[in-house]
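Student: The structure follows.
The values are calculated or read from the model by the stated rules, or taken from the named source; none is laboratory data. What you are looking at is a predicted structure, and each value in this text was computed from that prediction instead of being measured. Neighbour counts are summed over all protein chains in view; Cβ atoms, including those assigned to glycine, are modelled from backbone coordinates with ideal geometry. Ligands, DNA and RNA are stripped out before the accessible areas are found, and what is left, the full protein with its side chains, is counted by its heavy atoms. Shrake-Rupley method; radii C 1.70, N 1.55, O 1.52, S 1.80 Å.
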Amino acid sequence: MRSIGELARASGLTVSALRFYDSAGVLAPALVDPVTGYRWYTDDQVTPARLVAGLRRVGMPVAEIAVALRCEPAQVHRLLDAHLRRLEDGLADARRELSRIRTLIDAGERPTATSLALSRVDLAAAVDAVRFAVGADPELPMLCGVLIESDADGVRLVATDRHRLAVARAGARVDGPAVRVLAPVALVDEARALLEDAAAEAVLTVADGTISVTVAGRAVDAAALPYDFPDHRRLLRSAADGGLAHRLIVDADALRAALTSADAPVVTRRHDGVPLAVTVLGPDGRGGVRLLGADELTGDALRVGVNGGYLLQALDAAGRGQLLLELDGPIAPLAVRRPDDVDAFSVLMPIRL
């Protein structure tokens with residue numbers, strides 16, 4: 001048996017990191033002394049610990065590292081390929097942004113305006129798909145808005161409060177350089193009210209740190225929030241990645257009815273000393289999902305616990321009909337997708353069972 005210090009030296013992980021991966025359910029010690037609390041590891045755990053260290057060095061999320069440790073090599077290689085694609089996408093975004101910055105420096109000019117003309121219906125749908133996930137904590141002002149990112153032919157909206165994340169996209173005619181700005185939630189709500197004019201096209205303009213939305217001659221505008229939005233791409237699993245998630249088809253109305261039923265099963269856990277009702281989901285064996293009770297949490301069956309209220313909001317934002325739920329274990333996020341729209345989805349962070 002190796003002490004935690006010996007495994008740290010053999011793997012390249014710190015002692016505090018090994019304690020963290022134990023608490024996260026990623027790499028548990030083979031033995032914990034019931035008297036001293038000391039952690040002990042076997043020689044067979046050196047290689048997994050080195051794998052954890054390597055995956056963290058390349059920025060792989062903890063939830064995916066946990067998946068990698070319990071999968072066959074072929075599945076791990078697919079996971080690595082998906083992560084590499086995310087890194088390449090992030091590098092491409094960084095190169096585009098640096099190119100834009102160099103242009104501004106060389107020209108000695110202020111940023112030019114970017115104008116996006118798009119369908120009122122598409123923009124309204126994108127706002128509705130992400131609005132529920134906007135943060136409200138004044139101590140985290142970088143989360144109290146909606147991120148707006150443009151590309152060559154559209155705009156992406158992103159919102160998160162750390163517990164859930166929502167993403168949506170709308171096609172647009174883009175005139176100007178790519179933009180990435182954080183819109184105040186008050187502006188987003190005012191713009192959404194303008195979008196009720198069914199006959200008009202919407203024009204979203206970003207210039208000199210100001211965001212404006214114009215519909216049928218009526219406009220609202222506000223200064224962009226001066227904060228850096230967190231790197232949300234680390235949580236995203238593209239539908240094209242062929243990842244390791246279990247994809248389950250559900251009827252949105254049926255799941256909504258089950259969640260709001262008077263006898264809907266919940267599991268009680270404590271968070272900061274306060275009882276918390278947790279909704280637990282698992283496969284129903286027929287390609288769908290069902291709610292699990294406390295007496296069904298034994299064994300290794302696939303399941304994930306989430307905030308039931310947050311799940312209801314995600315269902316409402318996704319709309320009616322069939323939806324796709326992606327589950328991948330108790331410490332991996334739960335994704336809610338529309339089968340017909342890979343650009344609109346939400347992610348709920350799991351509650352430890």
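Student: Based on what the data block shows, is Arg100 open to solvent by 20 Å² or more (accessible area, probe 1.4 Å) and within 17 Å of Arg233 (Cβ to Cβ)?
Tutor: no
Student: Let me ask something else. Evaluate region 63-72: report whether one residue or more is basic (Lys, Arg), open to solvent by 20 Å² or more (accessible area, probe 1.4 Å) and closer than 24 Å to Arg352 by Cα.
Tutor: yes
Student: State which residue is modelled with the lowest pLDDT when the search covers only region 124-140 and only residues that are open to solvent by 40 Å² or more (accessible area, probe 1.4 Å) and either part of a helix (DSSP H, G or I) or hydroxyl-bearing (Ser, Thr, Tyr) (or both).
Tutor: Ala125
Student: From the list Ala8, Ala24, Ala53, pick out the single residue that is under 25 Å from Leu353 (Cβ atoms), surrounded by 12 or more Cβ atoms within 10 Å (Cβ to Cβ), among the small types (Gly, Ala, Ser) and out of contact with any strand residue (DSSP E or B) (no Cβ under 8 Å at 6 or more places or on another chain).
Tutor: Answer to the check: Ala24.
Student: I'd like to verify a number: residues in region 128-141 that are under 21 Å from Phe345 (Cα atoms) and either out of contact with any strand residue (DSSP E or B) (no Cβ under 6 Å at 6 or more places or on another chain) or of a type in the set (Asp, Glu) (or both), how many?
Tutor: Going through region 128-141 one residue at a time, the tally reaches 5.
Student: Which one of these is buried (at least 21 other Cβ atoms within 10 Å of the Cβ) and out of contact with any Phe, Trp or Tyr (no Cβ under 9 Å at 6 or more places or on another chain): Val155, Val167, Val121?
Tutor: Working: Val167 fails: out of contact with any Phe, Trp or Tyr (no Cβ under 9 Å at 6 or more places or on another chain); Val121 fails: buried (at least 21 other Cβ atoms within 10 Å of the Cβ).
Result: Val155 is the single residue among Val155, Val167, Val121 that is buried (at least 21 other Cβ atoms within 10 Å of the Cβ) and out of contact with any Phe, Trp or Tyr (no Cβ under 9 Å at 6 or more places or on another chain).
Student: Collect the residues in region 292-324 that are at positive phi and touching a residue at least 40 places away in the same chain (Cβ under 8 Å), keeping them in residue-number order.
Tutor: The answer is Gly319, Gly321.
Student: If you check Leu259 against the conditions, is it modelled with pLDDT of 90 or more and more than 20 Å from the chain's Cα centre (by Cα)?
Tutor: yes
Student: For region 152-198, what are the residues that are more than 17 Å from Ala113 (Cβ to Cβ), assigned to a strand (DSSP E or B) and free of Cβ contacts under 8 Å to residues at least 60 places away in the same chain?
Tutor: Residues satisfying the conditions are Gly154, Leu157, Ala159, Ala170, Gly171, Leu182, Pro184.
Student: Go through (1) among the basic types (Lys, Arg); (2) touching a residue at least 24 places away in the same chain (Cβ under 8 Å); (3) in contact with a strand residue (DSSP E or B) (Cβ under 6 Å, 6 or more places away or on another chain) and name the single condition Arg338 misses.
Tutor: Failed condition: (2).
Student: Can you find a residue in region 34-49 that is of a type outside the set (Gly, Ala, Ser), within 30 Å of Arg180 (Cα to Cα), in contact with a Ser or Thr (Cβ under 9 Å, 6 or more places away or on another chain) and open to solvent by less than 80 Å² (accessible area, probe 1.4 Å)?
Tutor: no
Student: State the number of residues belonging to region 79-96 that are among the aliphatic types (A, V, I, L, M) and in contact (Cβ under 8 Å) with a residue 24 or more places away in the chain.
Tutor: Count: 3.
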